[in-house]
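A.B. asks: Below is one structure. I have some questions about it.
The values are calculated or read from the model by the stated rules, or taken from the named source; none is laboratory data. Computed from a predicted structure; not experimentally measured. Here Cβ is always computed from backbone atoms with ideal geometry, including for glycine, and neighbour counts include all displayed protein chains. Ligands, DNA and RNA are stripped out before the accessible areas are found, and what is left, the full protein with its side chains, is counted by its heavy atoms. Shrake-Rupley method; radii C 1.70, N 1.55, O 1.52, S 1.80 Å.
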Amino acid sequence: MRFLSRLVALSSLLLAAAGGGGAAAQIASETVEFPSGSEDVTLRGSLQGAEIAIYEVAAVEGKKLGVGLETSNPANYFNISAPGAKEAAFIGSTQGNYGEVVLSQPGAYRITVYLMRNAARRGEIADYKLSVSLLPASDFADGLSGGPDYWEVHGVGSALRLRAGPSREHGVIGALGNGEVVRNLGCRMSGDARWCRVETLREGQQGWAAGGFLREGTPPREPDRRNLAGNGQRFDATGVLPCAPLAGQPTASCDFGVIRERKPGYAGLWIRIGEGAERYFLFEEGKPVYTNGAGEISVERLGDLQLLRLGEERYEVPDAVIYGG
């Protein structure tokens with residue numbers, strides 16, 4: 001790993017510590033240094049197989065660490081760990097390619113870049129670019145001098161690029177459509193341009209967007225909750241679906257509410273089955289894996305929907321409910 005200053009082979013450390021396993025890992029580490037007068041830096045590197053790269057960032061009071069990854073290999077991720085912590089505060093394989101951690105403890109925070117187990121075993125290569133930034137610790141909308149809680153994207157042709165850091169030098173991690181409303185997490189100047197850290201409402205993805213294409217937006221309305229309690233969080237969508245929650249009951253319509261996670265096919269579904277009663281299903285990879293009802297879930301595929309049976313109960317769940325669209 002030619003880009004790092006020192007290489008340490010630890011035969012006792014397995015890839016399981018960073019999402020892999022099986023083969024001993026080669027670990028290279030270096031301390032991140034920011035250019036004078038800047039709180040942003042871009043690092044480039046390459047991994048193959050069981051290699052792991054660790055970047056250490058000294059904690060700064062009142063700041064949080066923002067890290068974005070742009071990579072040639074979809075099995076390439078990073079974790080962020082606090083000083084002395086045994087578990088990561090941010091895990092890229094489940095939380096995505098952009099993460100933030102408040103620098104609440106003194107010492108060096110570690111950014112660990114790695115390949116997932118199967119890719120490491122195959123000896124795959126990942127060429128990556130890591131964007132590292134020190135950000136204000138408070139997540140309030142300030143727009144430099146006051147500002148709205150929400151921005152609306154305007155004045156772009158096809159899409160506004162969402163970047164890992166506050167400049168065009170940082171990698172693209174997503175895209176925002178014209179008219180899309182995003183949450184304002186604060187803005188800052190980078191050179192002579194204003195950049196704003198935003199969070200999408202559809203997936204909760206965070207990143208940086210050019211402030212010249214953002215104007216004050218209207219807070220979005222939550223869909224009608226249809227008297228569903230759910231878990232108390234905002235539903236991504238509500239509606240009705242075909243159901244028969246009672247034995248011998250003909251197919252009727254039941255109100256539902258769904259909360260989707262970032263990964264497609266991962267969602268929580270609540271279905272109103274009576275006064276104050278709700279049937280809950282947890283979906284992973286588009287399949288129901290848990291319910292609050294009794295018995296095992298039986299699944300039958302019918303075109304673009306799944307027929308779920310739970311004892312005598314029946315529910316027809318379109319794919320669009322779980323995946324969106």
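A.B. asks: The range 107-131 to the range 194-227: how many Å between their Cα centroids?
C.D. replies: So the separation of the two Cα centres works out to 30 Å.
A.B. asks: Over the range 70-120, what portion of Cα pair distances is larger than 13 Å, expressed as a whole percent?
C.D. replies: For the range 70-120, the fraction of Cα-Cα distances above 13 Å is 57 percent.
A.B. asks: Can you give the accessible area of Leu282, probe radius 1.4 Å, in Å² rounded to 10?
C.D. replies: 40 Å²
A.B. asks: Also, I was wondering about something else. Taking Lys86 as the anchor, which aspartates and glutamates have their alpha carbon closer than 16 Å to its alpha carbon, excluding any fewer than eight residues away along the same chain?
C.D. replies: Counting by Cα, and skipping residues close in sequence, Lys86 has these aspartates and glutamates nearby: Glu56.
A.B. asks: So, one more: Given the DSSP H assignment, sum -39500 (n - 2.57) over each helix run of at least 4 residues in the chain and divide by its residue total; what's the result at 222 nm in deg cm²/dmol, nearest 500?
C.D. replies: -1000 deg cm²/dmol
A.B. asks: For the chain, what D do you get in µm² per second when you plug the Kirkwood radius from alpha-carbon pairs into Stokes-Einstein at 10 °C and 1.306 mPa s?
C.D. replies: 72 µm²/s
A.B. asks: Could you name the lysines in cross-link range of Lys263, using Cα to Cα under 24 Å and dropping any fewer than eight places away on the same chain?
C.D. replies: Lys129, Lys287
A.B. asks: Roughly how many Å² of Cys243 are accessible to a 1.4 Å probe, to the nearest 10?
C.D. replies: Spelled out: Cys243, probe radius 1.4 Å, area about 0 Å².
A.B. asks: Bin width 5 Å, origin at 0, all Cα-Cα pairs of the range 164-313: what percent of pairs per bin?
C.D. replies: Result returned by the calculation: 2, 8, 15, 17, 14, 11, 9, 8, 7, 5, 3, 1, 0, 0.
A.B. asks: Something else now. Semi-axes of the range 173-218's equivalent ellipsoid from the Cα gyration tensor, sqrt of 5 times each eigenvalue, largest first, rounded to whole Å? Display every interim value, and only then the final one.
C.D. replies: Details: eigenvalues 60, 26, 18 Å².
Square roots of five times the eigenvalues give 17, 11, 10 Å.
A.B. asks: As an exercise, take the mean of 1/r over every pair of distinct alpha carbons in the range 61-191, invert it, and state the Kirkwood radius in angstroms.
C.D. replies: 16.4 Å
A.B. asks: Put a dot 7 Å past each Cα toward the Cβ at Ala229 and Ser93; how far apart are the dots in nm?
C.D. replies: Result for the modelled spin labels: 3.6 nm.
A.B. asks: Could you check the simple spin-label distance between Asp149 and Arg122, using points 7 Å along Cα→Cβ, in nm with one decimal?
C.D. replies: 4.5 nm
A.B. asks: Ordering Lys64, Lys129 by accessible area with a probe of 1.4 Å, largest first, what comes out? Display every interim value, and only then the final one.
C.D. replies: On the way: Lys64 10, Lys129 40 Å².
If we order Lys64, Lys129 from most to least accessible, we get Lys129, Lys64.
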